[in-house]
Number of protein chains: 2
Amino acid sequence: MSVTVITYDRSMGRWEPNARGRLEQAALALYRERGFEQVTVTEIAGRAGLTERTFFRHYADKREVLFGGSSALQELLVRAVTEAPEASAPIDVVVAALAAAGAQLEERRDLARQRQAIIDANPELQERELVKLATFATALAGALRERGVSEPAASLTGQAGIAVFRVAFERWVNDIGQRGLPELIRESFDELKALTAGT
Amino acid sequence: MSVTVITYDRSMGRWEPNARGRLEQAALALYRERGFEQVTVTEIAGRAGLTERTFFRHYADKREVLFGGSSALQELLVRAVTEAPEASAPIDVVVAALAAAGAQLEERRDLARQRQAIIDANPELQERELVKLATFATALAGALRERGVSEPAASLTGQAGIAVFRVAFERWVNDIGQRGLPELIRESFDELKALTAGT
């Protein structure tokens, strides 16, 4: 397949409908079948019926297929915090922002599950995922400080929010049930409240 | 210095008092002076007045100087959870375990600060540190499940505990004040309670 695609360049000079999505699906399928490390960009492009050149128009490398959405998600989180009603408590602001991000992920549940299985199978990708979440926590804290929340409350709220998100996300990915991620985020937050209030 | 130490082997066949501690201090000093990446094991041993052979009796590589204490700390956390009074609430068990770990770190405050400055300067070490903290959260959750705490409460408590620990640790490392880490952990936890209770 990797040889075929070199002579079979469908994208040369013309627009490919949903090339980015096709590349993502092809990449996720290949990463799951053969392991992230083993797959080449040539193979991903071949599976998607596109060229390497088209791949590199959409992604810097094969890791970016898994993490390319991070910055958009982070912007969404920060914007949600920035635009939240002034009177809201910091933790409510963060939970609402995470639930908004969760609603976006909800539309990609199947892809998100595939992606998580790939990450779980690869320690390097797990590290990258931890860095991503830590960056989200820092960004949330920064957006809270912009709202006038002082330290350490801002950092603590950001970290606690991400703690809630991680647990909710894991339940969402592994859950056989059909509950949505925003609902699981709110539920996990209520559980955190119950856990801390009881002491 | 790296040449000197090859001909000047003080550890050949005899016991070196506090070799591990001397190697750690030498490594931290060199990592700060020149950056973690640039320093070799030969240089660390040379600075400590010891041989490379002695270095490798204590550390697998130069990264382990920074992370060699992780497994002992994790054991301490798990043991503290396991041995906590049966009636204690999960979050109190975790906060007490983290405060116990904090008391151990307290004795090494100066080294911990040096270590953190080195980690902050190096993205790869930051990733490794995030993995360490994520592993602590998982270990805490596992120890809670052993006590009969169900999911997702166990994972949520482990994650929230680490969120509190991170914020407290950062304050401790950067604080000009003289407050101890166990105190800052308890204070951060009280703040988390206040943040979640107010909503």
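Per-structure values
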{"quantity": "Helices (runs of 4 or more DSSP H) (entirely within the stretch A:89-199) containing at least 1 residues that are facing another protein chain (nearest Cβ under 8 Å)", "calculated": "A:90-106, A:123-146, A:153-174, A:181-197"}
{"quantity": "Qualifying residue in the stretch A:2-12 (condition: modelled with pLDDT of 90 or more and either surrounded by 12 or more Cβ atoms within 10 Å (Cβ to Cβ) or in the same structural domain as A:Q114 (by TED's automatic domain parsing) (or both))", "calculated": "no"}
{"quantity": "Condition broken by A:A72, with the remaining ones in (1) over 30 Å from B:A194 (Cα atoms); (2) in contact (Cβ under 8 Å) with a residue 24 or more places away in the chain; (3) assigned to a helix (DSSP H, G or I); (4) aliphatic (A, V, I, L, M) satisfied", "calculated": "(2)"}
{"quantity": "Condition check for A:R57: touching a helix residue (DSSP H, G or I) at 6+ places or on another chain (Cβ under 9 Å), charged (D, E, K, R), in a helix (DSSP H, G or I) and without any contact (Cβ under 8 Å) to a residue 40 or more places away in the chain", "calculated": "yes"}
{"quantity": "Boolean, B:E43 is modelled with pLDDT of 95 or more, among the acidic types (D, E) and more than 20 Å from the chain's Cα centre (by Cα)", "calculated": "yes"}
{"quantity": "Residue match in the stretch B:178-186 (condition: modelled with pLDDT under 90 and farther than 28 Å from A:V95 by Cβ)", "calculated": "yes"}
{"quantity": "Set A:A103, A:A96, A:A112: member being of a type outside the set (D, E), in contact with a Pro (Cβ under 7 Å, 6 or more places away or on another chain) and assigned by TED's automatic domain parsing to the domain that holds A:E151", "calculated": "A:A103"}
{"quantity": "Unique match (being in contact (Cβ under 8 Å) with a residue 12 or more places away in the chain and more than 22 Å from A:V81 (Cα to Cα)) among A:R171, A:R166", "calculated": "A:R171"}
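The values are calculated or read from the model by the stated rules, or taken from the named source; none is laboratory data. These numbers come from a predicted model, not from an experiment. Cβ coordinates were reconstructed from backbone atoms using ideal geometry, including for glycine residues, and neighbour counts include every protein chain displayed.
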